[in-house]
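Data first, discussion second: the structure below is written as structure tokens.
The values are calculated or read from the model by the stated rules, or taken from the named source; none is laboratory data. All of these numbers come straight from a predicted model, not from anything done at the bench. Cβ placement follows ideal geometry from the backbone for every residue including glycine, while neighbour counts extend to all protein chains displayed.
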Number of protein chains: 2
Amino acid sequence: MPDAASSPLAPGSTIGILGGGQLGRMLALAAARLGLDVVILTPDEDSPASRVVKQTFVGAYDDPAALADFARASDAITYEFENVPAAAVEALIGLGARVAPGPKALAAAQDRVAEKQFLASVGVATVDFAPIETADEIPEACRTLGHPALLKTRREGYDGKGQIWIEKQADEAGALAAIGGKPAILEARARFTRELSVIAARGADGEIAIYPLGENHHEGGVLRRTTAPASADKATLEQAERIAAQIMAGLDYVGVIGVELFQLEDGQLLVNEIAPRVHNTGHWTQDGCAVDQFEQHIRAVAGWPLGSTLALARVEMINLLGEEAAGWAKLAADPDARVHLYGKREMIPGRKMGHVNRMRGPV
Amino acid sequence: MPDAASSPLAPGSTIGILGGGQLGRMLALAAARLGLDVVILTPDEDSPASRVVKQTFVGAYDDPAALADFARASDAITYEFENVPAAAVEALIGLGARVAPGPKALAAAQDRVAEKQFLASVGVATVDFAPIETADEIPEACRTLGHPALLKTRREGYDGKGQIWIEKQADEAGALAAIGGKPAILEARARFTRELSVIAARGADGEIAIYPLGENHHEGGVLRRTTAPASADKATLEQAERIAAQIMAGLDYVGVIGVELFQLEDGQLLVNEIAPRVHNTGHWTQDGCAVDQFEQHIRAVAGWPLGSTLALARVEMINLLGEEAAGWAKLAADPDARVHLYGKREMIPGRKMGHVNRMRGPV
């Protein structure tokens, strides 16, 4: 007998997604290809995902009535961002919902200290770090970790928000207040030569599938572009695959995960952070791989067999931030550019409006 | 100054689609990738397309109030099937709507006699034919066209419905009654060696783009599979491209068109029929070409530049009819199969439930 909690959902079943942004939108489009319906729960009246789904439940993530309606409409539930309240996921599970990835992944991804402790527990290396509760703990932590060190809020913060570099002793006193005074983590600087990421998936049956590595370039804490498959020697590939596999096994993971990596001069990979969801550095798979990360995540959540992660093309994924999206007409005319736009109404500076996958030839 | 009637619609604009079937659904998914919103008009309360669009107007195609609401919500309008009432399209144009393909294409595609007369007028060959108004015209027409000959209703009918073979003189008397007694067309049998199709597109600015040929296999009047790119010599490719270009120019066409072809023993191509829309024999482009027929059609309708029709892979597209769709789990586990399901609720025998694109290697 198949386990009811992980048996494949037949076409016509409904996937519930917490969140209405571009990741939810692209997940919904992938689900539709497979004949699955999608409903979302989001606090926003008009969200990118809401225009491509069967039904939108507009409500706060911690609104019990909205959660109950959403759970009733969904045969399986996932989320498009890791800062969905853990209590919401617990409430959904309490209502009998099948949620993937599970609460273990969410807990690890929501707290930067818990994340690093989890990674250490499964034998995956990170930069050295120290939990910071109060500002007076910073000087001692800096003596251990050295300058510069990066102070980040333990919770929330993304795309470079909620973090500050402590370059020298004089910066130590004011740093915690500058990021809001909440519990934080201090991280040693990684002397990395490049940033990579590995996008991987684990199915409901424990099967895993790993995409080729992406090499990433950030500006001001925001991803600008990913080049994939990244050139990498066998030792690097094996390290990345081992890291992904150990993290997913340790979290009893179901779904796609994004793992950001620093590569050091000697080739060693350190994990920077994990995202228990489809990931911006995996957008290249839409035009570069047999089955992309969005369909892969839906397959895992729906209990379907995972798809092929084979790379078919070399791709440079470039984020379109703010006004850059106004260049859509020129991009659409470029035969080597595949344009993906998110349906966001306002071009706010720095906002992720879309991306373009530039085709760079066969693998 | 760009012509307002053909200037590109910015992302965030709304495409209106008449019809809610699988073609509308796949068009809507393609529009979403480009940041365009979609609304549909369909008489069905729950249609495959309705679950992936911003808004569904449920109403008859000839309901003036529904048409007005639909037109008001749409920045450009297209249709997913050629049997939308011509009066509906005229009403939409009367309301100031931008509709593509235009009424000329619809008129040619809705009446099999008008279609063949149009094709002759632009120098494109078809089988010999005779219009049939009454049953007593059939014997004389059969003397000219020979036996067997194919009697089809002039209007409507698809997937082999509304047609009957007249094999011998004894079949002549009852044939018209057997297909409903309405005005018909009698077609000589084409002694073709294979069935091909050419999927092509024409932009609002007259730019054209033509996909590689597909080779098609029908069973019982229904498409079973398309193999593409079809092997074809230079003369065949040139004929097909000339045919597509002449048809599109003659119709002032904007959008994707499907042209079904018979290839005779001497290599000559005859046009069997034209469909002023995305076409089942073009589904292979989803996984085989740089930009697929659905995005291409949306680009044309929205006044965007056409995309690249370059084939990247050899594909065998297989329709999933009725209960065949129950094999989704096995197909999903096949690394060379890309599964596309339409979200139809009931597996009615012969009904197109989905298709699978089998990847057959690089071009």
When (1) in a strand (DSSP E or B); (2) on the phi > 0 side of the Ramachandran plot are applied to B:Leu196, the one that fails is (2)
So which residues in region A:24-44 are more than 9 Å from every other protein chain (Cβ to nearest Cβ) and not hydrophobic (A, V, I, L, M, F, W, C)? A:Gly24, A:Thr42, A:Pro43, A:Asp44
Just to be sure I understand the filter: pairs with C-beta atoms under 7 Å, separated by 6 or more residues or on different chains, first member in region A:323-342 and outside the structural domain of A:Leu23 (by TED's automatic domain parsing), second member at pLDDT 95 or above and hydroxyl-bearing (Ser, Thr, Tyr). Which pairs pass? A:Pro335/B:Ser308
Would region B:48-55 turn up any residue that is away from chain A (no Cβ under 12 Å) and within 13 Å of A:Val52 (Cβ to Cβ)? no
Could you tell me whether region B:214-222 includes any residue that is at pLDDT 95 or above, buried (at least 21 other Cβ atoms within 10 Å of the Cβ) and over 30 Å from B:Cys142 (Cα atoms)? yes
The correct count of residues that are within 13 Å of chain B (Cβ to nearest Cβ) and in a strand (DSSP E or B) in region A:319-335 is 1
Being surrounded by 24 or more Cβ atoms within 10 Å (Cβ to Cβ) and of a type in the set (Phe, Trp, Tyr), is that true of even one residue in region B:81-103? no
Modelled with pLDDT of 95 or more, assigned to a loop (DSSP other than H, G, I, E, B) and closer than 28 Å to A:Ala325 by Cβ: is that true of B:Ala97 in this structure? yes
Please enumerate the residues belonging to region B:120-151 that are assigned to a loop (DSSP other than H, G, I, E, B) and in contact (Cβ under 8 Å) with a residue 60 or more places away in the chain. B:Val122, B:Gly123, B:Val124, B:Ala125, B:Thr126, B:Val127, B:Asp128
Which count do you get for residues in region A:12-23 that are within 12 Å of chain B (Cβ to nearest Cβ) and either more than 24 Å from B:Ala333 (Cα to Cα) or buried (at least 24 other Cβ atoms within 10 Å of the Cβ) (or both)? 2
Do we have any residue at all in region A:240-256 that's within 19 Å of A:Phe192 (Cα to Cα), assigned to a helix (DSSP H, G or I) and of a type in the set (Lys, Arg)? no
Filter region B:339-363 for residues that are out of contact with any helix residue (DSSP H, G or I) (no Cβ under 7 Å at 6 or more places or on another chain) and surrounded by fewer than 17 Cβ atoms within 10 Å (Cβ to Cβ); which is nearest to A:Ile298 (Cα to Cα)? B:Arg345
Residue within region B:153-162 that is under 27 Å from B:Pro48 (Cα atoms) and crowded, with 18+ Cβ neighbours inside 10 Å present: yes
Tell me which residues, restricted to region B:285-338, are farther than 25 Å from A:Ile298 by Cα and among the aromatic types (Phe, Trp, Tyr). B:Trp304
Matching entry among B:Arg202, B:Arg242, B:Arg154 (being of a type outside the set (A, V, I, L, M, F, W, C), without any contact (Cβ under 8 Å) to a residue 60 or more places away in the chain and closer than 22 Å to B:Leu306 by Cβ): B:Arg242
Examine region B:275-284 for a residue that is under 30 Å from A:Gly12 (Cα atoms) and in contact with a Pro (Cβ under 6 Å, 6 or more places away or on another chain), and state whether such a residue exists. yes
Take A:Ala275 and decide whether it is more than 20 Å from A:Arg25 (Cα to Cα) and not charged (D, E, K, R). no
Of all residues in region B:153-181, how many are in contact with a helix residue (DSSP H, G or I) (Cβ under 6 Å, 6 or more places away or on another chain) and in a strand (DSSP E or B)? 2
Please verify whether region B:347-358 includes one or more residues that are at the interface with chain A (Cβ under 9 Å from one of its Cβ atoms) and touching an Asp or Glu at 6+ places or on another chain (Cβ under 9 Å). yes
Members of region A:260-293 that are touching a residue at least 40 places away in the same chain (Cβ under 8 Å), of a type in the set (A, V, I, L, M) and not in a strand (DSSP E or B): A:Val278
Criterion first (at pLDDT 95 or above and crowded, with 19+ Cβ neighbours inside 10 Å) does A:Glu195 satisfy it? yes
Which pairs have Cβ atoms under 8 Å, sit 6 or more apart or on different chains, and link a residue in region A:294-318 that is more than 9 Å from every other protein chain (Cβ to nearest Cβ) and basic (Lys, Arg) to one that is buried (at least 24 other Cβ atoms within 10 Å of the Cβ) and part of a helix (DSSP H, G or I)? A:Arg314/A:Gly288
Residue check, A:Arg338 at the interface with chain B (Cβ under 10 Å from one of its Cβ atoms), assigned to a loop (DSSP other than H, G, I, E, B) and more than 23 Å from A:Leu9 (Cβ to Cβ): no
